[in-house]
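Each reported figure results from applying straightforward, stated rules to the coordinates on display, with no laboratory input. Here the structure is a predicted model, which is why all the values come from computation and not from measurement. Cβ: placed from backbone, ideal geometry, glycine included. Neighbour counts: every protein chain shown.
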Amino acid sequence: MHEKHLRIVGAGWAGLSAAVAAVQDGWHVHLYDTAHAAGGRARSLAQHVAGRPLDNGQHVLIGAYRSTLSLMRTVGLDPDALLQRIPLNLRFADGQGLALPDLAQPWNVLAGIAQAKGWRWRDKLSLLTACWQWQRQGFVCPVHRTVEQLCAHHQLSHRVVQQLIEPLCLSALNTPVAQASALVFLRVLRDAIQGGPGSADLLMPATDLSALFPNACLAWLAARGSRIHLGQRITTADMRSPAFQPSPTQAIVLACPPGEAARLTQDAHPSWSLQAGSLSHTAITTVYLKCAAPNFQGLPHPIVALHSDVTQPAQFVFDRSALTGQPGLLACVVSASQGERDALAQQVQRQVTQQLGLTHLHIIQTVVEKKATLACTTAQIRPAAYIAPSMYACGDYVQGPYPSTLEGAVRSGQQVVTQLRHL
Ligand SMILES: Cc1cc2nc3c(=O)[nH]c(=O)nc-3n(C[C@H](O)[C@H](O)[C@H](O)COP(=O)(O)OP(=O)(O)OC[C@H]3O[C@@H](n4cnc5c(N)ncnc54)[C@H](O)[C@@H]3O)c2cc1C
């Protein structure tokens, strides 16, 4: 019996997930990443505040991310200790909006809608009717329908769209409602609403992102004989070397972002490369603020929704003192962000000052990820995982049921290893 070698290019959450699944399937794994740390877009930065690192961007998971949670357990982590779980809460600082009580499904949804603060009966009725229709239709809709069209189709009230659907769509799909795919939106909604106990809960990292999974995953892989090559960028010349020639006993998985995967495949697999290289992305900006007001005791909840528009661009603010024990630190998230970095940071600083009534807010760091996620539009056609015999791609952009999220990346990594079984 020949040994099977798997070379994985990229140690983001997709590459790590593929590596774990491959080790479990008996592959000898060789994992490469340009960076000197694993985690890709979901990793910590070198900059520390109060003795703990900042993250490349504030992340939030939901209870329905079962593959991610199970993967964390596989590498010996306890998600219950590392993630702070709260029932879905999208309330604004003025108390308006939806929060689900800690009840079994579907009572949590029914009671949450009935008790939504600042909503009239016709708002609540429009959402209840839409939820009932979505459920009856199996949470599917025509492929080309946008979330905006979905809302119009189900006659959702303006308030429900503005205070619930828009922020939910931006945080789950990182795409504005006017372009976002209603089909993908409904799929995430279905998993959250019907996915069993706790599926709709918000799970917020209570530690930095590298400690949340990538570091422990690397240790798990190394302990099982995997070769980890951090700080090594795979080039087109490497792809031509014998080590990267796919064969029945040697497979390649490109777990790098689509632009890079396109570059590495352009000579040998031009049509796959073209598709991967022509995807469009959306940005996310995280503005870290520090509140130095002497009487600041933290926010009322670890996550608070913000009323947002063009001049008030952030949708959510996270209280890192409650989450990661970094006193006074707030992480403000601008999904689908546009505009110049410093201007954005100042707008967010003003927005948080006004809406939360805070003073002494200082901008600590602004992280702009221009290609944070794939634009989850109706027009986007995602490439398949299969590139050529014994050569595959995985990542949050590869065809799959989920938008560009940690769960999408993790599932994609696991899927690719399932496909390798058929070699
Ligand atoms: C600011 C921000 C906020 C986000 N918020 C959320 C959230 O709240 N919830 C959620 O679920 N998701 C969120 N996401 C999305 C989530 O982070 C991504 O979907 C996920 O991390 C993608 O993982 P990946 O492994 O597919 O890709 P990546 O993380 O991009 O990993 C690819 C890896 O490949 C490496 N690489 C590239 N080229 C080469 C090469 N030539 N050789 C070797 N290595 C190479 C890179 O260094 C990188 O480590 C957010 C993303 C950002 C940026």
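Computed quantities for the displayed model
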item: Gln266 paired with Leu125, simple spin-label distance in nm, labels 7 Å along Cα-to-beta-carbon; result: 5.9 nm
item: Positive-end residue, the stretch 281-374 charge dipole about Cα centroid, Cβ charges, pick of Gln312, Thr286, Gln354; result: Thr286
item: Net length gained if the chain between Ser70 and His153 were fully extended (0.36 nm per residue, minus Cα distance); result: 26.2 nm
item: Debye, to nearest 20: dipole size of the chain, +1 on Lys, Arg Cβ, -1 on Asp, Glu Cβ; result: 360 debye
item: Within a Gaussian network of the chain (alpha carbon springs, distance under 10 Å), most fluctuating of Ser210, Ser337, Ser157; result: Ser157
item: Cα gyration tensor shape of the stretch 226-268, rounded if a/c is under 1.5, else prolate or oblate by comparing a/b with b/c; result: oblate
item: Signed unit charges on C-beta, dipole axis of the chain, positive-most listed residue Gly259, Cys332, Gly413; result: Gly413
item: Mean Cα-pair separation over length for the chain, i.e. relative contact order, pairs under 8 Å, 6 or more apart, %; result: 24 percent
item: Whether the stretch 158-285 is rounded, prolate or oblate, judged on the alpha carbon gyration tensor where a/c under 1.5 counts as rounded; result: oblate
item: Partner lysines for Lys370 [C-alpha distance under 27 Å; skip if fewer than 8 residues away on the same chain]; result: Lys290
item: Mean projected area in nm² (Cα convex hull; one quarter of hull surface) for the stretch 281-374; result: 5.6 nm²
item: Angle in degrees between helix 121-136 and the longest Cα principal axis of the chain, rounded to the nearest 10; result: 30 degrees
item: Paramagnetic label zone (point 7 Å from Cα along Cα-to-C-beta, Ile363; backbone N under 20 Å) in the stretch 283-310; result: 283-293, 306-310
item: Simple Cβ-charge dipole of the stretch 255-408, Lys/Arg +1 and Asp/Glu -1, about Cα centre, in debye nearest 20; result: 160 debye
item: Spin-label pair Gln275/Asp94, simplified geometry with 7 Å Cα→Cβ offset, distance in nm; result: 4.7 nm
item: Exposure proxy ranking, count of Cβ atoms within 10 Å, fewest first, for Arg320, Arg159; result: Arg159, Arg320
item: Per-residue Cβ neighbour rank within 10 angstrom, fewest leading, His360, His59; result: His360, His59
item: Cα gyration tensor, the stretch 139-192 - rounded (a/c under 1.5), prolate or oblate; result: rounded
item: Normalised contact order of the stretch 281-374, rounded percent, pairs of Cα under 8 Å and 6 or more residues apart; result: 46 percent
item: Estimated Rh, the chain: Kirkwood, alpha-carbon pairs, angstrom; result: 22.3 Å
item: Per-residue Cβ neighbour rank within 10 angstrom, fewest leading, Thr175, Thr282, Thr373; result: Thr373, Thr282, Thr175
item: Bins of 5 Å from zero: percent of alpha-carbon pairs in the stretch 241-297; result: 4, 14, 16, 15, 11, 7, 6, 6, 6, 5, 5, 4, 2
item: Using alpha-carbon coordinates, inclination of helix 214-223 to the longest axis of the chain, degrees; result: 30 degrees
item: Reach of Lys371 by Cα under 19 Å, taken over aspartates and glutamates that are not fewer than 8 positions away in the same chain; result: Asp33, Asp55, Glu260, Glu340, Asp342, Asp396, Glu407
